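The values are calculated or read from the model by the stated rules, or taken from the named source; none is laboratory data. Remember, it's a predicted structure, so these values are computed and weren't measured experimentally. Note that we place each Cβ from the backbone using ideal geometry, even for glycine, and neighbour counts take in every protein chain shown.
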Amino acid sequence: MIKETGFAFRDWIFNGFVSLRSLSKVKNDKITVGFVSGTKTGLSGSSKILFEAMTDDSRFFTYLVYQESSIRKAWQNTTGNAYYRRAFTKIGLFLKTDIWITTHGDFGIPIDYKKYSQERMELWHGIPFKGFLEENRKKISDDFNKASTVVITSNFFKKIFSEKWSVKKKILKDLGQPRTDMLIKKPIPVEKIKQNLGISQEKVIFYAPTHDQDENKEKELFPWKSDETFNKIMSNIDDETALIIRPHPYWKELITPFVADKIKNDSRVYYMPSSVVNETEELIYISDVLITDWSSIYFDFLLMNKPTIFLDLPNPFKDNFLMKPEERIGYLCSDSNELLVSISESVNNIESYHKKYDVRLRRLKSKVYSNIDGRSTERCIEEIINLTE
């Protein structure tokens with residue numbers, strides 16, 4: 001209670017200083033762009049790609065805003081232009097900002113950006129299977145409607161957001177997500193990224209399950225008796241096949257002693273949560289096979305034209321689907337034995353996968369992505385310039 005009161009008083013003082021400083025606001029020569037982090041581990045995905053592209057562009061001055069003062073060092077090691085959202089010395093910069101780039105709604109923007117006529121681009125942070133809970137949908141819809149632009153990837157999403165969620169059509173822009181550009185253009189040798197990550201094996205299996213929305217449930221790392229399933233996988237892959245384990249950031253890390261021992265001592269196992277490797281796209285880029293249940297990572301991996309194996313597990317979401325269960329196109333496994341067969345075929349006979357699923361996959365890709373040209377970053381930058389002219 002005392003801590004909350006302290007935060008409220010700090011915010012009141014801070015906003016008072018903002019009001020005073022706004023009286024002497026000076027316009028910058030460059031377009032000033034504030035990137036707001038939605039996580040503790042730094043910018044990732046589309047916001048990271050966009051930040052890097054704009055930082056190298058002389059038309060822009062870019063900086064980052066982080067949420068908690070306790071993570072200052074980690075952020076300032078990423079870039080010199082990283083500031084705590086309640087930094088009194090940066091109020092002038094916050095006021096001079098022309099546009100804010102967000103991925104989790106306008107949470108974390110340090111000032112009342114609408115009051116000071118600032119623009120905002122909402123990238124959101126993934127293409128989800130799940131919709132939003134009924135009680136949260138209006139809140140998120142209202143938040144989207146405060147943005148100048150909400151970036152989407154196809155007309156399908158424009159229709160869903162405008163008709164089902166009442167998001168204004170004019171702000172829904174089919175620009176594509178910058179994070180997918182590298183997956184399409186493939187500008188970096190796979191071996192270089194593997195070397196940077198310390199992965200020596202020839203083949204890579206990428207395991208990326210989602211979390212359960214029911215906070216009272218304790219989800220094991222692997223299904224069907226976690227240790228048994230994990231042991232079967234490791235016993236059936238050779239020394240030249242790596243397994244990357246990428247848990248969801250909200251997962252409670254229920255790692256058994258057996259799994260912990262394998263992570264520590266088996267050179268084929270790479271445990272890579274976001275705290276270890278922040279950028280999911282790097283892991284997608286180097287992987288030969290994806291194993292998941294309901295993770296939105298699937299829609300990014302779709303662009304790689306490589307096999308996906310789905311664990312046939314109960315729907316973990318409390319709300320209706322945005323993308324339907326039947327749009328999980330790939331091998332569907334209901335037990336660990338089926339999983340082993342699918343892994344073997346995916347690693348050793350990719351032609352069989354393409355023969356089975358390519359027609360349906362092409363239809364799904366055209367639904368999820370209007371543009372598969374690797375130019376999403378370019379389109380987002382053009383939109384930012386148009387918004388701030």
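Of the strands (runs of 3 or more DSSP E) lying entirely inside segment 145-261, the ones with 2 or more residues being at pLDDT 95 or above and more than 30 Å from CYS380 (Cβ to Cβ) are found at 203-207, 241-245. If only residues of segment 40-60 that are in a loop (DSSP other than H, G, I, E, B) and among the polar types (S, T, N, Q) are counted, the one that is farthest from HIS248 (Cα to Cα) is SER58.
Counting just the residues of segment 109-124 that are assigned to a strand (DSSP E or B) and touching a residue at least 40 places away in the same chain (Cβ under 8 Å), which one comes out nearest to ASP11 (Cα to Cα)? Only one residue tops the list, namely GLU119. A count restricted to segment 303-328 and to residues that are within 22 Å of the chain's Cα centre (by Cα), within 17 Å of THR210 (Cβ to Cβ), part of a loop (DSSP other than H, G, I, E, B) and at pLDDT 85 or above stands at 1.
Selection of first residues in segment 255-273 that are not assigned by TED's automatic domain parsing to the domain that holds GLU202 and surrounded by 14 or more Cβ atoms within 10 Å (Cβ to Cβ) and of second residues that are at pLDDT 95 or above and aliphatic (A, V, I, L, M), restricted to Cβ pairs under 6 Å at least 6 apart or on distinct chains, gives an empty result.
Among TYR369, TYR353, which is the only one that is touching a helix residue (DSSP H, G or I) at 6+ places or on another chain (Cβ under 7 Å) and of a type in the set (Phe, Trp, Tyr)? One residue alone meets the criteria, TYR353. Say whether the condition of being of a type in the set (Gly, Ala, Ser) and either under 21 Å from the mean Cα position of the chain (by Cα) or in the same structural domain as ARG120 (by TED's automatic domain parsing) (or both) is met by at least one residue in segment 226-239. Within segment 226-239, none of the residues are of a type in the set (Gly, Ala, Ser) and either under 21 Å from the mean Cα position of the chain (by Cα) or in the same structural domain as ARG120 (by TED's automatic domain parsing) (or both). Scanning segment 274-302 for residues that are within 12 Å of TYR207 (Cβ to Cβ) and more than 15 Å from the chain's Cα centre (by Cα) yields a total of 6. Residues of segment 375-385 include at least one that is in a helix (DSSP H, G or I) and of a type in the set (Lys, Arg).
Tell me, yes or no, whether segment 373-386 has at least one residue that is polar (S, T, N, Q), surrounded by fewer than 22 Cβ atoms within 10 Å (Cβ to Cβ) and either free of Cβ contacts under 8 Å to residues at least 12 places away in the same chain or not assigned by TED's automatic domain parsing to the domain that holds THR210 (or both).
Applying the first criterion (polar (S, T, N, Q)) to segment 373-386 yields 376-377, 386.
Remaining after also requiring surrounded by fewer than 22 Cβ atoms within 10 Å (Cβ to Cβ): 386.
Then keep just the ones that are either free of Cβ contacts under 8 Å to residues at least 12 places away in the same chain or not assigned by TED's automatic domain parsing to the domain that holds THR210 (or both); that gives 386.
The answer is yes, given that some residue of segment 373-386 is polar (S, T, N, Q), surrounded by fewer than 22 Cβ atoms within 10 Å (Cβ to Cβ) and either free of Cβ contacts under 8 Å to residues at least 12 places away in the same chain or not assigned by TED's automatic domain parsing to the domain that holds THR210 (or both).
Screening SER366, SER370, SER295 for residues that are out of contact with any Lys or Arg (no Cβ under 7 Å at 6 or more places or on another chain), among the polar types (S, T, N, Q) and part of a helix (DSSP H, G or I) leaves exactly one candidate, SER366.
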